[in-house]
Amino acid sequence: MTGTVGNRSAAWVKQNRLWRSVFRNPLPQDELGRMATMFTNFFLHILPARVNRYSLKLSATWALGAASAILFVLLFATGIPLMFFYAPTVERAYADMKDLEFVVSYGLILRNMHRWAAHGMVAIVFLHMVRVFYTGSYKPPREFNWVLGVWLWLLTLFASFTGYLLPWDQLAFWAITVGTSIAGFAPVIGEKIRMVLLGGTAVGQGALLRFYVLHVLVIPLLMMVLIAVHFWRVRKDGGLARPERAEGARPARASNPSPPVSTAIGFSPFPPKAAKTYALMEIAHGETPLVSTQAPEEELPAWPHLVFRLLVLFAGIVAAMAAAGYFFDAPLGELANPLRPENPAKAPWYFLGLQEMVGYSALAGGVVVPGLAILALLSIPYVDRERDGEGVWFTSRRGTWLALWSFLGTGTLAPLLTFLNLRFRPRRLYPDIPQYLVDLVNPASVLTLLIIVASLLVMWVTRSRRMAAITLFSAFLAAYIVYTVIGVYLRGPNWILMMPWQTPEVY
Ligand code: HEM
């Protein structure tokens with residue numbers, strides 16, 4: 001009885017003009033309804049109406065791009081209410097943090113969720129980049145989207161870094177002091193960058209206000225624009241990269257035709273050269289990337305197949321962050337004290353690899369090596385122009401082996417070089433060598449040189465730039481992880497190397 005009343009009321013609401021003015025399509029029941037829902041809904045129209053089956057597989061993307069976007073939204077959702085209770089002044093910032101913990105309803109969990117989501121986003125965006133690289137998904141026409149992605153990664157790091165100062169506790173104060181001093185090592189403009197960032201020569205009110213404005217306005221705005229273009233490019237580049245032989249792969253190229261697409265009825269209605277062509281009054285000829293046809297049976301409607309997967313992912317991430325926020329409190333040290341440095345003063349964990357390299361040499365570790373690494377990242381799609389292996393993890397068996405050995409080799413060599421440097425200090429062995437040589441020849445620069453030589457060797461032997469890129473990327477990945485682990489766990493007071501279970505002697 002109640003069911004019937006409920007059904008009737010629901011039907012009445014849905015027939016209502018007000019309801020229909022907002023929701024123009026009823027819940028989709030058929031193919032046409034599904035398409036209409038995707039096209040006419042503001043939030044859904046960013047997604048394609050139909051999705052390739054291959055792209056829906058978890059192993060194709062591990063949903064890392066979508067998870068990055070969801071974390072970005074969650075950071076907005078938790079960050080805006082936090083702004084109601086926070087003033088970026090040296091006098092109030094720390095007290096506001098305490099109020100969030102003890103006075104504001106749900107203040108602590110809100111702050112915790114914001115903090116864990118920020119760390120989560122730094123990690124997930126990085127993993128998304130790793131997935132895109134290893135599946136060769138930066139290859140034409142996706143080169144520019146990769147470049148946009150690299151900027152998004154740097155902005156994600158910077159967003160997290162600027163947020164780090166806001167609690168104005170000892171941890172934040174000294175982490176940012178260390179972090180910004182790394183920027184100061186850049187030749188010529190380094191000191192200027194530091195001054196612009198800090199609004200002075202040291203971390204103080206000027207820095208707090210600048211970091212706040214960058215954190216809540218400038219960086220999120222830039223990221224929103226870049227993410228919008230990033231998504232738009234995914235659509236315009238013909239959806240996600242897929243292996244050529246996967247169902248619904250990109251159309252065959254004349255030089256390398258893929259086998260005909262099999263269909264349930266035993267034949268494909270699609271011609272072998274399936275990309276549509278256009279001619280604009282004989283002025284422009286070419287293939288449109290978007291309309292590269294795929295057989296309809298290889299596509300599924302985005303509603304419900306993609307939309308529901310995204311909803312589940314969204315719910316999962318929100319639940320995980322809420323649980324993390326409930327059980328683990330974001331750290332808050334004592335009130336910032338510029339006269340009492342932390343020992344060791346450590347940058348946020350994602351910059352500790354960098355700080356470790358700066359420990360060897362400020363210029364080589366803080367500027368030259370990271371500068372080269374970012375330049376290499378940005379130029380990957382323009383250097384490796386081979387089409388083979390698009391959408392295929394590690395491209396081939398050889399690629400898998402190279403990735404593995406390069407990762408393991410560097411993972412062993414990096415700590416070994418650090419240990420050797422500690423054992424046989426060049427300055428102790430050769431007291432008279434000039435300082436620039438000591439600076440230049442350090443574990444990080446020697447490792448970088450070895451990695452570059454190994455990659456060139458791989459290119460020479462395999463005649464493949466993709467294989468060289470896999471070697472280079474895997475080695476840098478291992479080095480980044482090793483240096484981060486050393487920085488986080490093995491550096492004690494005065495930056496001495498010590499095991500986590502050892503008790504520091506110097507304070
Ligand atoms: C805020 C950061 C980012 C967000 C929100 C984001 C989001 C996404 C999403 C949702 C996709 C669709 C496929 C997927 O889920 O994997 C995607 C694809 C892609 N992303 Fe990102 N991304 C970000 C950062 C990056 C970074 C750091 C890179 C690389 C440097 C990158 C490069 C790409 C490329 C090349 C594609 C197309 C991949 C393909 O065709 O398979 N993105 N991104």
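Worth pointing out:
- Potential lengthening of the chain between residue 73 and residue 441 amounts to 128.1 nm, from the contour at 0.36 nm per residue minus the alpha-carbon distance.
- With respect to the chain, whose longest principal axis is taken over its alpha-carbon atoms, helix 302-327 is tilted by about 30°.
- Descending by average beta-carbon neighbour count within 10 Å, the peptides 34-47, 149-162 line up as 149-162, 34-47, the highest first.
- Annotation: the residues 96, 329, 432, 30, sorted from fewest to most other C-beta atoms within 10 Å of their own C-beta, follow the order 432, 30, 329, 96.
- Listed pairs 57/236; 98/346; 139/192; 192/236 exceeding 28 Å between Cα atoms: 139/192; 192/236
- GluC sites (Glu not before Pro) lying in DSSP loop within region 73-178, provided at most 10 other Cβ fall within 10 Å: 91
- Between residue 95 and residue 489, the FRET efficiency estimated from the beta carbon spacing at R0 = 45 angstrom works out to 0.85.
- The overall shape of region 10-74, judged from the alpha-carbon gyration tensor, is prolate: a/c is not under 1.5, and a/b is greater than b/c.
- Long-range tail of P(r) for the chain (Cα pairs > 31 Å, %): 56 percent
- Relative compactness, region 347-507, computed as alpha-carbon Rg over 2.2 N^0.38 Å: 1.15
- From its DSSP helices (H runs of at least four residues, each -39,500 (n - 2.57)), the chain gives a residue-normalised ellipticity at 222 nm of -19000 deg cm²/dmol.
- Shown for 224, 129: other C-beta atoms within 10 Å of each C-beta, ranked fewest to most, produce the order 224, 129.
- Each of the peptides 478-488, 378-388 was scored by the mean count of other Cβ atoms within 10 Å over its residues; in descending order, highest first, they stand as 478-488, 378-388.
Each reported figure results from applying straightforward, stated rules to the coordinates on display, with no laboratory input. On a predicted model such as this, the values are computed, not experimentally measured, just so you know. As a convention, Cβ positions derive from the backbone with ideal geometry for all residues, glycine included, and neighbour counts pool all protein chains shown.
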